[in-house]
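S.K.: First the structure, which I've put down as structure tokens, then a few questions once you've had a look.
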Amino acid sequence: MISLSLDGAARSGLKILCLGSHSDDIEIGCGGTILRLVEQYLDCTIYWVVFSAIGVRGDEARCAAARFAGSACLKGPVLKTFPDGFLPFVGAEVKATFEELKQEIVPDVIFTHNRKDAHQDHRLIAELTWNTFRNHFILEYEIPKYDGDLGQPSFFVPLQPEVYKKKIQYIMDAFHSQRHKPWFQPETFLSLMRLRGMECNAPSGYAEAFYCRKVLL
């Protein structure tokens, strides 16, 4: 188990596994934290996996992963083509992908969906993350949506202005296919980070937040 430090000292060798049901989930849920970790940790390696990335959505996911990974060593992205909204109905195949990941990757920190997320695809990925990686540091990110399923996260990552602004810019630049959706707006992402920043008294006023189920010291 690694001690995940975000203080001013540069560190090295961090291995990160990012899991997202759909293209843009990882970026929306933990994009700012990824940007911060890439700055903080030298020789950082990021394993990027998206389970439903079909057609143009796959192209967008590939572009966004490269942007957010920046100077880090990007493994992938691994882009699967499971149908959007139907992951629980192909659960055996999704589970097989997790088993393959377990043989290939020993991550220090895993970013995945919240197990109480209202979206069925998100819940499955969260459940299989815990089922597969039993001795790892797992942070569950949040995705704003019509369902109104935001909760009370317990793990906060303050973000400097240059980081949260870059997160929003990268998301809007990469995911052109989503721009017609009323919720897919810079204000949506900014407002959630502002709320979480207020809750943790972040110096900049902005932060990302996660659900942390288990921590070992």
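The values are calculated or read from the model by the stated rules, or taken from the named source; none is laboratory data. Because the structure is a prediction, the values reported are computed rather than measured. Here Cβ is always computed from backbone atoms with ideal geometry, including for glycine, and neighbour counts include all displayed protein chains. The accessibility values were calculated without ligands, DNA or RNA, using every heavy atom of the protein model including side chains. Shrake-Rupley method; radii C 1.70, N 1.55, O 1.52, S 1.80 Å.
To keep it simple, each residue is scored yes or no on (1) within 17 Å of the chain's Cα centre (by Cα); (2) at pLDDT below 95; (3) in a strand (DSSP E or B); (4) over 16 Å from Lys145 (Cβ atoms).
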residue: Phe184; (1), (2), (3), (4): yes, no, no, no
residue: Thr188; (1), (2), (3), (4): yes, no, no, no
residue: Ser191; (1), (2), (3), (4): no, no, no, no
residue: Arg194; (1), (2), (3), (4): no, no, no, yes
residue: Gly197; (1), (2), (3), (4): no, no, no, yes
residue: Ala202; (1), (2), (3), (4): no, no, no, yes
residue: Gly205; (1), (2), (3), (4): no, no, no, yes
residue: Val215; (1), (2), (3), (4): no, yes, no, yes
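S.K.: Would you confirm, using the coordinates I've provided, whether Gly85 is more than 24 Å from Leu35 (Cα to Cα), modelled with pLDDT under 95 and in a loop (DSSP other than H, G, I, E, B)?
M.R.: Working: more than 24 Å from Leu35 (Cα to Cα): yes; modelled with pLDDT under 95: no; in a loop (DSSP other than H, G, I, E, B): yes.
Spelling it out, it is not the case that Gly85 is more than 24 Å from Leu35 (Cα to Cα), modelled with pLDDT under 95 and in a loop (DSSP other than H, G, I, E, B).
S.K.: Can you tell me which residue within the range 171-203, out of those that are open to solvent by less than 30 Å² (accessible area, probe 1.4 Å) and among the small types (Gly, Ala, Ser), is nearest to Asp25 (Cα to Cα)? First the steps, then the outcome.
M.R.: Our first condition is that a residue be open to solvent by less than 30 Å² (accessible area, probe 1.4 Å); within the range 171-203, this holds for 171-172, 174-175, 178, 184, 189, 192-193, 196-197, 202.
This time we only want the ones that are among the small types (Gly, Ala, Ser), so: 174, 197, 202.
Values: Ala174: 12, Gly197: 20, Ala202: 23 Å.
It comes out as Ala174.
S.K.: Looking at the range 110-153 only, could you name the residues that are assigned to a loop (DSSP other than H, G, I, E, B), polar (S, T, N, Q) and within 15 Å of the chain's Cα centre (by Cα)? It would help to see each step written out before you state the result.
M.R.: Of all residues in the range 110-153, those assigned to a loop (DSSP other than H, G, I, E, B) come to 114-119, 133-136, 142-153.
After this cut, where a residue has to be polar (S, T, N, Q) as well, the list is 114, 135, 152.
Listed by number, the list holds a single entry, Asn114.
S.K.: Which condition does Asp147 not pass, out of (1) at pLDDT 95 or above; (2) open to solvent by 10 Å² or more (accessible area, probe 1.4 Å); (3) within 24 Å of Gln178 (Cβ to Cβ), if it passes all the others?
M.R.: (1)
S.K.: Okay, next question. One residue is enough: does the range 99-108 have a residue meeting the conditions under 30 Å from Glu39 (Cβ atoms), among the hydrophobic types (A, V, I, L, M, F, W, C) and open to solvent by less than 60 Å² (accessible area, probe 1.4 Å)?
M.R.: yes
S.K.: Taking the conditions exactly as written (touching a strand residue (DSSP E or B) at 6+ places or on another chain (Cβ under 6 Å) and outside any loop (DSSP other than H, G, I, E, B)), does Thr97 satisfy them or not? Before you say what the answer is, go through the steps one by one.
M.R.: Working: touching a strand residue (DSSP E or B) at 6+ places or on another chain (Cβ under 6 Å): no; outside any loop (DSSP other than H, G, I, E, B): yes.
No: the conditions fail for Thr97.
S.K.: Find all pairs meeting these conditions: Cβ atoms under 6 angstrom apart; at least six residues apart or on different chains; first residue within the range 55-70 and of a type in the set (Phe, Trp, Tyr); second residue surrounded by 17 or more Cβ atoms within 10 Å (Cβ to Cβ) and part of a helix (DSSP H, G or I).
M.R.: Within 6 Å, the pairs are Phe68/Gly31; Phe68/Ile34.
S.K.: Report yes if Arg115 is in contact (Cβ under 8 Å) with a residue 12 or more places away in the chain, touching a Gly at 6+ places or on another chain (Cβ under 7 Å), farther than 27 Å from Asp59 by Cβ and open to solvent by 10 Å² or more (accessible area, probe 1.4 Å), otherwise no.
M.R.: Working: in contact (Cβ under 8 Å) with a residue 12 or more places away in the chain: yes; touching a Gly at 6+ places or on another chain (Cβ under 7 Å): no; farther than 27 Å from Asp59 by Cβ: yes; open to solvent by 10 Å² or more (accessible area, probe 1.4 Å): yes.
Considered against the rule, which asks whether it is in contact (Cβ under 8 Å) with a residue 12 or more places away in the chain, touching a Gly at 6+ places or on another chain (Cβ under 7 Å), farther than 27 Å from Asp59 by Cβ and open to solvent by 10 Å² or more (accessible area, probe 1.4 Å), Arg115 comes out as no.
S.K.: Pairs, please: C-beta under 7 Å, at least 6 apart or cross-chain, first residue touching a residue at least 60 places away in the same chain (Cβ under 8 Å) and in the range 118-145, second among the β-branched types (Val, Ile, Thr) and surrounded by fewer than 18 Cβ atoms within 10 Å (Cβ to Cβ)?
M.R.: Cβ pairs passing all conditions: Phe137/Ile2; Pro144/Thr188.
S.K.: Still on this structure, please answer the following. Within the range 1-54, take every residue that is open to solvent by 40 Å² or more (accessible area, probe 1.4 Å) and at pLDDT 95 or above and give me the one that is nearest to Tyr164 (Cα to Cα).
M.R.: Going through the qualifying residues, I end up with Arg36.
S.K.: Separate question: Cβ-Cβ distance below 7 Å, separation of 6 or more or different chains: which pairs start in the range 205-216 with a residue that is more than 14 Å from Ile110 (Cα to Cα) and end on one that is among the aromatic types (Phe, Trp, Tyr) and not in a strand (DSSP E or B)?
M.R.: Cβ pairs passing all conditions: Tyr206/Tyr164.
S.K.: To continue, here is another question. Return the pairs, sorted by first residue and then second, in which the second residue is of a type in the set (A, V, I, L, M, F, W, C) and surrounded by fewer than 18 Cβ atoms within 10 Å (Cβ to Cβ), the first residue lies in the range 154-182 and is outside any strand (DSSP E or B), the beta carbons are less than 7 Å apart, and the residues are 6+ apart or on different chains.
M.R.: Close Cβ pairs (under 7 Å, with a partner that is of a type in the set (A, V, I, L, M, F, W, C) and surrounded by fewer than 18 Cβ atoms within 10 Å (Cβ to Cβ)) amount to Ser154/Cys212; Ile168/Leu190; Ala174/Cys63; Ser177/Val56; Gln178/Phe184.
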